[in-house]
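As structure tokens, the structure follows; a few thoughts come after it.
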Amino acid sequence: MTGDGGLQAERTRLAWRRTLLALTVVTVLTVRQAVTGGPTGVLLAGVAVLGWGATLALCWGRATRGALRTGTRPVPLTALATAGYALLGALLVLRGMW
Amino acid sequence: MWQTIRRWFDPQEMRSVGRTPDYRFSLANERTFLAWLRTGLALIAGGLAAAQFLPPLPVRHLREAIAIALLLLGGAVAVRAVDHWSRTERAIRLGEELPASRFPAVLALAVGVGSLLLVAAVLVRAIGEW
């Protein structure tokens, strides 16, 4: 019917994988930023790693099997996780100034 | 506003409007969203890298200000990406015009002006040392 041999779905799976890879890099940098600052820093690093694991678990299906339905939760939740990393990062940078 | 945020998270609500399009359109919309998300993640990574790898700059807290500006810009890109994805999906289902947006232009200008300011700062410093 579509005659694209599932290429669009393949491209979408690969796009999810690239995004999760980028998220992993951001997690590593966040942990590196956090661990310099004592016990609170280690706690915040733990939050970053937990968020990474949760996002990965949530998006694993889309990155490996793909999905053909619209309006799915991995999309908004990954965006939310990204915004969360931005706020956590800003908090950590602010904390490092004192 | 709450209505908009609910739409981001509610698959049932999204599937209830209009008709289901050719799945390739939805996948293309999702990939565009993912490309924006990676743009946001790159800005966040850039902010964290500025905080961790730049030496302290001559202006007090300039390094931290650059880092926080990049981080907040990255977060804004992510939130805007999901909003645009949701509105585009609706428009495709309803057969309407795709939502227009000034955001790409604003982001490009912000990045361009920020780079120019940094180039100016580097030049001023180089001339001062010379």
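Average partner chain C-beta neighbours within 10 Å, per residue of B:58-65? Mind showing how you got there, number by number?
Numbers: counts 0, 0, 1, 1, 0, 2, 5, 2.
Whole-number average of other-chain Cβ neighbours for B:58-65 is 1.
At 24 angstrom or more along the helix axis (alpha-carbon based) and mean Kyte-Doolittle of 0.5 or higher, what helices does chain A contain? Whole DSSP H runs only.
On the way: long enough: A:7-34 (40 Å, 0.34); A:38-64 (38 Å, 1.14); A:74-96 (32 Å, 1.41).
For chain A, where a helix must reach 24 Å along its axis and average at least 0.5, the hits are A:38-64, A:74-96.
Return the average number of partner chain Cβ atoms within 10 angstrom of each residue Cβ along peptide B:87-97. Don't jump to the answer; show the numbers that get you there.
Working: counts 0, 0, 3, 2, 0, 1, 2, 0, 0, 0, 0.
Mean inter-chain Cβ contacts per residue within 10 Å come to 1.
In Å, what Rg and Dmax follow from the Cα atoms of region B:20-99?
Rg, Dmax (Cα atoms, Å): 17.4, 57.
Scanning chain B for helices, which whole DSSP H stretches are 18 Å or more long along the axis (Cα) and average 0.5 or more by Kyte-Doolittle?
B:23-53, B:62-94, B:103-129
Given H placed 1.01 Å from N in the peptide plane, which residues other than close sequence neighbours of residue B:57 have an amide H under 5 Å from its amide H?
Those qualifying (amide H under 5 Å, at least 5 residues apart or on another chain) are B:62, B:63.
Please give the direction-averaged projected area of the C-alpha convex hull for the protein assembly as shown, in square nanometres with one decimal. Can you show the working numbers first?
Numbers: hull surface 59.6 nm².
The Cα convex hull of the protein assembly as shown, projected and averaged over all directions, gives 14.9 nm².
Over region A:7-96, what portion of Cα pair distances is larger than 18 Å, expressed as a whole percent?
On the way: 1856 of 4005 pairs.
Taking all Cα-Cα pairs of region A:7-96, the fraction more than 18 Å apart is 46 percent.
Need the per-residue list for region A:18-39: every residue with at least 20 Å² less accessible surface in the complex of protein chains than in the chain by itself, probe 1.4 Å, sorted by number.
A:18, A:19, A:22, A:26, A:29, A:32, A:33
How are the Cα pair distances of region B:76-130 distributed, in percent, across 10 Å bins from 0?
Percent of pairs per bin, in order: 20, 29, 20, 15, 10, 5, 0.
Using a 1.4 Å probe on the protein chains only, how many percent of the accessible area of chain B belongs to carbon and sulfur?
Numbers: 5130 of 7580 Å².
Carbon-and-sulfur percentage of accessible area, whole number: 68.
The values are calculated or read from the model by the stated rules, or taken from the named source; none is laboratory data. As the structure is a prediction and not an experimental result, all values here were calculated from the model. Using ideal geometry, Cβ is built from the backbone for each residue, glycine included, and neighbour counts are taken over all protein chains shown. The area values use the complete protein model at the heavy-atom level, side chains included, leaving out ligands, DNA and RNA. Shrake-Rupley method; radii C 1.70, N 1.55, O 1.52, S 1.80 Å.
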